[in-house]
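Could you have a look at this structure, given as C-alpha cells, before my questions?
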C-alpha cells in the first residue's frame, strides 16, 4: 500500500461516486456496483465520508483501517453515512441536492509514546481501551477550535471512556488524512 495522494481527477471521481452511491441507494435500496481501472483507487485504504446539510453535520461513517479497495470503501461509507449514522434519521432524496460531501482518505494509524507527537489539524486520533474505541478526524479540532487537551478529551468521550482516559492508560494512535469535499 503506497498511501499516495490522490490527484484532483481522482478526488472529483470519488466525490461523484459517493453522491451517485447515495442517490442509487435512496432510489433502489441497494449498493451501487461498478468496476474501475485506476490502480490507486483500487488500493485498500481507510476512508470516511462526512455529510453536511446546510453546513451542519448530517452523517459521518467510515473505516479507520483498510479492508476494501478505496473506491468500494467510499461507496459503502457514503451509503452508511446517509442511512445508518444513528445520530441522525436517514437522509432523504429531497435533502441530497443540499448535502455537501467530504471524503477523508486515511493513512495507517500508529501508536504514539507521547502526546507531543500530535499536531492538531494534521493528525486524527484513535483512543482505545479494552473494547472501547473512538476516532476523530484531523479536521474536527479545527472546526471546533479545540486545543490538544480538548481534542484528546473529546476523543476519550467518543470512545465511551472518561474524558481523561488518554492520561490514565488508554492507547492513543494517530493518523493523517487527505481531505477533500464538493462544496455543494
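Would you point out which residue out of 121, 130 is more than 18 Å from the chain's Cα centre (by Cα) and at positive phi?
On the way: 121 fails: more than 18 Å from the chain's Cα centre (by Cα).
Residue meeting the stated conditions: 130.
Here is a further query. Out of the stretch 105-159, which residues are assigned to a loop (DSSP other than H, G, I, E, B) and more than 24 Å from residue 4 (Cα to Cα)? Give the derivation first.
Quick first cut of the stretch 105-159, residues assigned to a loop (DSSP other than H, G, I, E, B) only: 107-109, 112-114, 118-123, 130-131, 137-139, 145-147, 159.
Once the filter is applied, which keeps residues that are assigned to a loop (DSSP other than H, G, I, E, B) and more than 24 Å from residue 4 (Cα to Cα), the stretch 105-159 yields 113, 114, 130, 131, 145, 146, 147, 159.
Tell me the residue from 67, 181 that is within 15 Å of the chain's Cα centre (by Cα) and at pLDDT below 95, please. Spell out the reasoning first.
Working: 181 fails: at pLDDT below 95.
Just a single option satisfies the conditions, and that option is 67.
Applying the selection to the stretch 142-158, what residues are over 18 Å from the mean Cα position of the chain (by Cα), farther than 12 Å from residue 115 by Cβ and either loosely packed, with under 15 Cβ neighbours inside 10 Å or at pLDDT below 95 (or both)? Steps first, please.
At the first step, the residues of the stretch 142-158 found to be over 18 Å from the mean Cα position of the chain (by Cα) are 145-150, 153.
With the extra rule that they be farther than 12 Å from residue 115 by Cβ, the set shrinks to 145-146, 150.
145, 150, listed by residue number.
Next question. Which residue, of 61, 118, 75, 36, is in contact (Cβ under 8 Å) with a residue 12 or more places away in the chain and assigned by TED's automatic domain parsing to the domain that holds residue 172? Before you say what the answer is, go through the steps one by one.
On the way: 61 fails: assigned by TED's automatic domain parsing to the domain that holds residue 172; 75 fails: assigned by TED's automatic domain parsing to the domain that holds residue 172; 36 fails: assigned by TED's automatic domain parsing to the domain that holds residue 172.
Only one candidate passes the filter, namely 118.
May I pose another question? Somewhere in the stretch 128-135, is a residue over 30 Å from residue 42 (Cα atoms), surrounded by 15 or more Cβ atoms within 10 Å (Cβ to Cβ) and either in contact with a strand residue (DSSP E or B) (Cβ under 8 Å, 6 or more places away or on another chain) or free of Cβ contacts under 8 Å to residues at least 60 places away in the same chain (or both)? Quick ask: steps written out before the conclusion?
Looking only at the stretch 128-135, we keep the residues that are over 30 Å from residue 42 (Cα atoms), and these are 129-132.
Keeping just the survivors that are surrounded by 15 or more Cβ atoms within 10 Å (Cβ to Cβ) gives 129.
Those left that are additionally either in contact with a strand residue (DSSP E or B) (Cβ under 8 Å, 6 or more places away or on another chain) or free of Cβ contacts under 8 Å to residues at least 60 places away in the same chain (or both): 129.
Taking every residue of the stretch 128-135 in turn, at least one turns out to be over 30 Å from residue 42 (Cα atoms), surrounded by 15 or more Cβ atoms within 10 Å (Cβ to Cβ) and either in contact with a strand residue (DSSP E or B) (Cβ under 8 Å, 6 or more places away or on another chain) or free of Cβ contacts under 8 Å to residues at least 60 places away in the same chain (or both).
Let me ask another. Which of the residues spanning the stretch 70-95 are within 28 Å of residue 40 (Cα to Cα), surrounded by 19 or more Cβ atoms within 10 Å (Cβ to Cβ) and in contact with a helix residue (DSSP H, G or I) (Cβ under 7 Å, 6 or more places away or on another chain)?
Within the stretch 70-95, 70, 71, 74, 75, 78, 79, 82 qualify.
Which residues, counting only those in the stretch 42-56, are within 17 Å of residue 97 (Cα to Cα) and buried (at least 16 other Cβ atoms within 10 Å of the Cβ)?
49, 50, 51, 52, 53
The values are calculated or read from the model by the stated rules, or taken from the named source; none is laboratory data. Treat the numbers as computed from the prediction; the structure is a model and nothing was measured. Methodologically, a virtual Cβ is constructed for each residue, glycine included, from the backbone with ideal geometry; neighbour enumeration extends over all protein chains shown.
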